[in-house]
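For reference, the structure is listed below as structure tokens.
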Amino acid sequence: MYTYKTEILTVGTKWLSDKADANDIAMLDNLINERAADGWELVTYDYMATSMQIKGAFVVTFRKEKDDIFTQSSTNLFETLDVRYSITDKKELENSNGFGNYSIRAEEDNSYVISIGDCRFITIRFNIEEAKGRLHGGCGAASMREYLENEAMAEETAPHLFAYIGNNRIDLEEDIYPSELTIRNTQMSGGSGEDAELIFELHIVFTRRGMDWDKTLTFTVPMHGEARYTFDYLTSTYDSKDGKVEKFTF
């Protein structure tokens, strides 16, 4: 089994041609070598052509073999895994987080509540709806042919999985419900005072045709004051009450 991730590598501004040049290729080589040093294997990449005077970009997909968490020692488990919840089996598989009452539980209508401490809760609801746009984001496609077919169908209406988080509706570019929710890389910032914030990654895991991949959202949750939070997904930042608050474009 593999874990997949897709990155966008921004390269040079195009003045005379929208094609990739030698400097762009060198940047791509550096990224591939850096990820390889961390154990990530290149799966595929594609160059996104642009209009003149706009930065170009590569979409690059890597994969890494998944560790079997059930064979790890308890010490390693604490280092690599906070909360793991199986949507398929409707049960919490592991909870080794040290921040008190910190867990995931299922509600009705494909909703899941993340409990943080004794006073912070995040509800995520998944729903498949008809919408236009590409599917799988390149990493969920079983083959390059399927990826290209998905890109060609971007203007057609098809089932899309949406995540409702606070006042946000996020198109996850999938056509199936997730199989697992995993919280990792939990850390505190701001000390123990009024500025304390909990930061963690939520990995939404999908399984199809024997292949696993995930979509990652990074949450920042103030531990005091108003019950609101922000999260990052792809190139955008979202506020639980105000919706999308920041978007980066190439």
Query - Over segment 157-196, relative contact order from alpha-carbon pairs under 8 Å, at least 6 apart, % - result: 26 percent
Report summary line: Sorted by chain and then number, the residues having a modelled amide H within less than 5 Å of the amide H of Tyr229, at least 5 places away or on another chain, are Ser240, Lys241
Query raised in the report: What GluC sites (Glu not before Pro) does segment 160-250 have in DSSP loop regions with at most 12 other beta carbons within 10 Å?
Result: Glu194, Glu226
Report task. Pull up all non-local amide H partners of Glu180: gap of 5 or more, or a different chain, and H-to-H distance under 5 Å with H placed in the peptide plane. Result -> Ile87, Val205
Report task. Could you pull out every residue, at least 5 positions away or on a different chain, whose amide H is within less than 5 Å of the one on His160? Hs are placed 1.01 Å off N in the peptide plane, and Pro or chain starts have none. Result -> Glu129, Glu130, Ala131
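No value in this document is a laboratory result; all are computed from the given coordinates. Quick caveat: nothing in here was measured; it's all calculated off a predicted structure. Glycine gets a Cβ as well: all are built from the backbone with ideal geometry, and neighbour counts include every protein chain shown.
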